[in-house]
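Asks: Below is one structure. I have some questions about it.
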Amino acid sequence: MIAWLLRKVTLLPGQHRKLRVVAAMSLGNRERAVLVQVGEQQLLLGVAQGQVSLLKSFDQPVIELESGTDSAFSKKLSQYIQKRSK
């Protein structure tokens, strides 16, 4: 369910402001750690091929969201996800 949300809601143009990818870091060829903002809470997710796992939930922001337009990283990650879903 979380993987579906990340693919369908978080990274598409016109994304909802209460659900956003804050940061992501590659941990290997097919593994990533992704920090997602959900309302006032941030979730650290482990993403591997065909699997998404909640690693930690934070009540206080670990990384503050950028105000204004999407970051270059967010745009590039969105493009990558869109290419993979086609």
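Asks: Does Ala3 qualify as being part of a helix (DSSP H, G or I) and either over 10 Å from the mean Cα position of the chain (by Cα) or at pLDDT below 90 (or both)?
Replies: Yes.
Asks: Select from segment 31-40 the residues that are at pLDDT 90 or above and of a type outside the set (A, V, I, L, M, F, W, C) and write down the one among them that is farthest from Ser78 (Cα to Cα).
Replies: Glu31
Asks: Could you check segment 10-30 and list, in sequence order, the residues that are at pLDDT below 55, of a type in the set (A, V, I, L, M) and under 10 Å from the mean Cα position of the chain (by Cα)?
Replies: Leu11
Asks: While we're here: Where residues in segment 20-45 are out of contact with any Leu (no Cβ under 7 Å at 6 or more places or on another chain) and of a type outside the set (Gly, Ala, Ser), which of them is surrounded by the fewest Cβ atoms within 10 Å (Cβ to Cβ)?
Replies: Asn29
Asks: Determine the pairs where a residue that is in contact (Cβ under 8 Å) with a residue 12 or more places away in the chain and charged (D, E, K, R), located within segment 22-44, has a partner that is loosely packed, with under 14 Cβ neighbours inside 10 Å and in a loop (DSSP other than H, G, I, E, B) with Cβ atoms under 8 Å apart, the partner being 6 or more residues away or on another chain.
Replies: Qualifying pairs under 8 Å: Arg30/Gln49; Glu40/Asp59.
Conditions (1) surrounded by 12 or more Cβ atoms within 10 Å (Cβ to Cβ); (2) modelled with pLDDT of 70 or more, marked per residue:
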residue	(1), (2)
Val47	yes, yes
Gly50	no, yes
Ser57	no, yes
Val62	yes, yes
Thr69	no, no
Ala72	no, no
Leu77	yes, yes
Ser85	no, no
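The values are calculated or read from the model by the stated rules, or taken from the named source; none is laboratory data. Bear in mind that the values here come from a model prediction, so they are computed numbers and not experimental data. Cβ sites come from the backbone with ideal geometry, for glycine too, and all protein chains shown count toward neighbours.
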